[in-house]
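The values are calculated or read from the model by the stated rules, or taken from the named source; none is laboratory data. The structure displayed is predicted, hence computed values, not measured ones. Backbone-built Cβ (ideal geometry, glycine too); neighbour counts: all protein chains shown. All accessible areas refer to the heavy atoms of the entire protein, side chains included, with ligands and DNA or RNA removed. Shrake-Rupley method; radii C 1.70, N 1.55, O 1.52, S 1.80 Å.
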Amino acid sequence: MSPHIHAGTVRTRSRLQIATKELCVTALLLCLVLLAACTQTHAAKVDIGALDIGNDIKLRRMLVRNPNAKGVVLFLHGFPETLWIWKDIATTLGDEFEVHAFDWPGYGLSSRPPVDRFSYSPRDYARVLKAYIDKSDIDTSKLVIYSTDIGALPALLLALDQPDIARTIVVGDFAPFNRPEYMYPGLQSLKSMPAAEATRVYMNRTMDEILDNAFRRGLPRHSQFDLPRALREDLSRGWSQATMTSADAFYHYYSHFTRDQNYFEANLSRLKTPVKVIWGERDIYIKPDMGIELASRTRSDLLVLPGVGHYPHLQVPKQTIEEVRALFVR
């Protein structure tokens, strides 16, 4: 082979190598663009709007749609929370599931009807939960309800009357039975007058202190956590709407709490829906003894989270995500 032909071949190969490299770079950039587009598309699935469930009640709700969902998850918040506490968890789980959350009446941006039309009791909240599921056209055979604090007893009350309301109900850090000795003194005081009214006045005076410290209380310093700014702002904005605060709604809930706890305990044998109990070991508001008793009497799975307080979904959100995923593997 002549030197001339050899040099031409080298130049040709060099040009091919350069073209190949450019093609690879272009392909890589295209992949990155597509990946970014997919991420943006997923984020856009988070929809926060309003749902009219009737009886002059509108609920602010969060919905993450997924056309290929493995199942449906409905998160129920506690005090002094709003649906915003579930946003990051819902976004992550939205890759696999359809995810719902809403503000209870009296919280966030949901309606706050007068107490002569809506009592804010666990029993009334159970009716709200049923109306939400019906209005959202949720297939309950594919539904997991994940409930905490004030959201848990309404879910269980509904399950007494409608055992197929969900494939599983997760409950935790709440008071299913009338056991004041397991409860934080401030919560005990809400169960009877005149202490209840004094506690309501105090809570309404100390909103900032509650929102700043309720989530830290009982935890050692190294386990304490800060709320994301957007969440803290949503809690503050949703505290007071119209003529009622979230503290007022909490007070009204507790004014009927003992009645509904006693009803639930008296009808415990009717509970047929599978239940899983998850509790923070360091919960100072409702001692783990309450969860241990509930799990024992309902023969439910029990998970006590070491070093975790009253708000596991905020302190260890990855744990919450994994627990939900595991429920759909069974």
Close pairs from region 128-153: first in contact (Cβ under 8 Å) with a residue 12 or more places away in the chain, partner among the polar types (S, T, N, Q) and assigned to a helix (DSSP H, G or I), Cβ under 8 Å, at least 6 apart: Ile133/Thr140; Tyr146/Thr320; Leu153/Gln261
When Ser269 is evaluated against the numbered criteria (1) closer than 30 Å to Arg60 by Cα; (2) free of Cβ contacts under 8 Å to residues at least 40 places away in the same chain; (3) surrounded by fewer than 15 Cβ atoms within 10 Å (Cβ to Cβ), which criterion, by number, is the only one it fails? (1)
Please tell me if Asp260 is open to solvent by less than 50 Å² (accessible area, probe 1.4 Å), of a type in the set (Asp, Glu), under 17 Å from Gly151 (Cβ atoms) and in contact with a Leu (Cβ under 7 Å, 6 or more places away or on another chain). yes
Out of all the residues in region 233-249, is one or more without any contact (Cβ under 8 Å) to a residue 12 or more places away in the chain, under 15 Å from Tyr311 (Cβ atoms) and either among the acidic types (Asp, Glu) or open to solvent by less than 70 Å² (accessible area, probe 1.4 Å) (or both)? no
Taking region 230-259 and keeping residues within 11 Å of Pro80 (Cβ to Cβ) and polar (S, T, N, Q) leaves Ser236, Thr245, Ser246
Does region 27-47 include one or more residues that are buried (at least 17 other Cβ atoms within 10 Å of the Cβ) and modelled with pLDDT of 50 or more? yes
Looking at region 228-259, which of the residues that are among the aliphatic types (A, V, I, L, M) and at pLDDT 95 or above is nearest to Arg60 (Cα to Cα)? Leu235
Taking region 67-99 as the search range and keeping residues that are in a loop (DSSP other than H, G, I, E, B) and of a type in the set (A, V, I, L, M, F, W, C), which one is nearest to Gly49 (Cα to Cα)? Phe97
Within region 127-147, track down each residue that is open to solvent by 10 Å² or more (accessible area, probe 1.4 Å) and of a type in the set (A, V, I, L, M). Ala131, Ile138
Collect the residues in region 100-125 that are assigned to a helix (DSSP H, G or I) and open to solvent by less than 10 Å² (accessible area, probe 1.4 Å), keeping them in residue-number order. Pro122, Tyr125
Does region 150-167 include one or more residues that are buried (at least 24 other Cβ atoms within 10 Å of the Cβ), outside any helix (DSSP H, G or I) and out of contact with any His (no Cβ under 8 Å at 6 or more places or on another chain)? yes
Could you check region 168-202 and list, in sequence order, the residues that are farther than 14 Å from Lys272 by Cβ, open to solvent by less than 60 Å² (accessible area, probe 1.4 Å) and of a type in the set (Val, Ile, Thr)? Val170, Val171, Thr199
Cβ contacts < 6 Å: first residue among the hydroxyl-bearing types (Ser, Thr, Tyr) and at pLDDT 95 or above, restricted to region 92-109; second residue part of a loop (DSSP other than H, G, I, E, B) and crowded, with 24+ Cβ neighbours inside 10 Å, any location; separation 6+ or different chain. Result? Tyr107/Thr82
Scan region 196-212 for residues that are in contact with a strand residue (DSSP E or B) (Cβ under 7 Å, 6 or more places away or on another chain) and part of a loop (DSSP other than H, G, I, E, B) and report the count. 0
Kindly check whether there is at least one residue in region 318-329 that is in a loop (DSSP other than H, G, I, E, B), within 19 Å of Gly151 (Cβ to Cβ), at pLDDT 95 or above and touching a helix residue (DSSP H, G or I) at 6+ places or on another chain (Cβ under 8 Å). no
When only residues in region 285-307 that are without any contact (Cβ under 8 Å) to a residue 60 or more places away in the chain and not in a helix (DSSP H, G or I) count, which is most open to solvent (accessible area, probe 1.4 Å)? Arg299
Within region 126-138, the residues that are assigned to a helix (DSSP H, G or I) and of a type outside the set (D, E, K, R) are Ala126, Val128, Leu129, Ala131, Tyr132, Ile133
May I ask you to list pairs of residues, at least six apart or on different chains, whose Cβ atoms are under 7 Å apart, with the first in region 175-198 being at negative phi and the second being of a type in the set (Lys, Arg) and surrounded by 14 or more Cβ atoms within 10 Å (Cβ to Cβ)? Pro180/Lys191; Tyr182/Lys287
